[in-house]
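Contents: one structure, followed by commentary.
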Amino acid sequence: MVCRPCLDRLYGGYEKACGHGWDILTGKPLSGTCSDCGQHAESLHCPDGPHIERTEEDRVSDILSAANHIRNFTRGVTKEDFVRRHDAITQDAVLRQLCIVSEAALHLSPSFREKHPTVPWTEIIETGTAAISRYRELNFDKVWEIVTRDVQALAKEMETVR
């Protein structure tokens with residue numbers, strides 16, 4: 001769920017996002033917490049009051065945490081095991097963390113990303129998008145390469161920001 005201000009900021013307005021305002025599983029109006037800003041949201045609207053956005057430091061922390069999880073999930077796993085789907089639980093866990101890295105990276109400002117040109121931002125962001133929207137077409141050789149090379153390089157770079 002995303003509140004109205006975040007919809008406006010992220011997607012250019014309510015009409016450009018799905019925005020039905022209903023939970024497809026329960027058939028009830030949505031209410032809860034905005035996944036982007038943490039504000040209470042009901043049917044995609046924030047209550048009146050100040051809107052608190054996540055900081056770039058929060059996003060960097062999310063990236064570091066997800067990279068650490070990926071490192072832990074793949075410790076002792078060979079490329080062959082990962083790629084050939086011998087361990088679907090590890091694949092799923094890694095993909096979930098890659099989505100977190102991707103989403104956090106997507107919401108970092110362009111100026112922040114420009115300050116870290118060695119990080120393959122586009123590839124990292126696109127990996128999360130692919131894991132969600134093109135999940136049946138994923139190339140796990142490429143995912144392994146991103147996990148072992150790009151995410152770890154990103155984590156190393158983000159450690160210098162902290």
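The values are calculated or read from the model by the stated rules, or taken from the named source; none is laboratory data. It should be emphasised that the depicted structure is a prediction, and the values quoted were computed from it without experimental measurement. Here Cβ is always computed from backbone atoms with ideal geometry, including for glycine, and neighbour counts include all displayed protein chains.
Of note:
- Residue selection: D62 satisfies the criterion of being under 16 Å from the mean Cα position of the chain (by Cα), surrounded by 12 or more Cβ atoms within 10 Å (Cβ to Cβ) and of a type in the set (D, E).
- Test: residue in the range 66-79 that is assigned by TED's automatic domain parsing to the domain that holds K156, of a type in the set (V, I, T) and part of a loop (DSSP other than H, G, I, E, B): yes
- Among residues of the range 84-133, those that are over 14 Å from the mean Cα position of the chain (by Cα), of a type outside the set (D, E, K, R) and closer than 20 Å to R149 by Cα, counted: 7
- Selection from the range 137-162 of residues that are assigned to a helix (DSSP H, G or I) and among the hydrophobic types (A, V, I, L, M, F, W, C): F140, V143, W144, I146, V147, V151, A153, L154, A155, M158, V161
- Scanning the range 136-148 for residues that are among the charged types (D, E, K, R) and at pLDDT 85 or above, we see that the one that is farthest from the chain's Cα centre (by Cα) is D141.
- Only one of the listed residues (T127, T122) is in a helix (DSSP H, G or I) and modelled with pLDDT under 85. That residue is T127.
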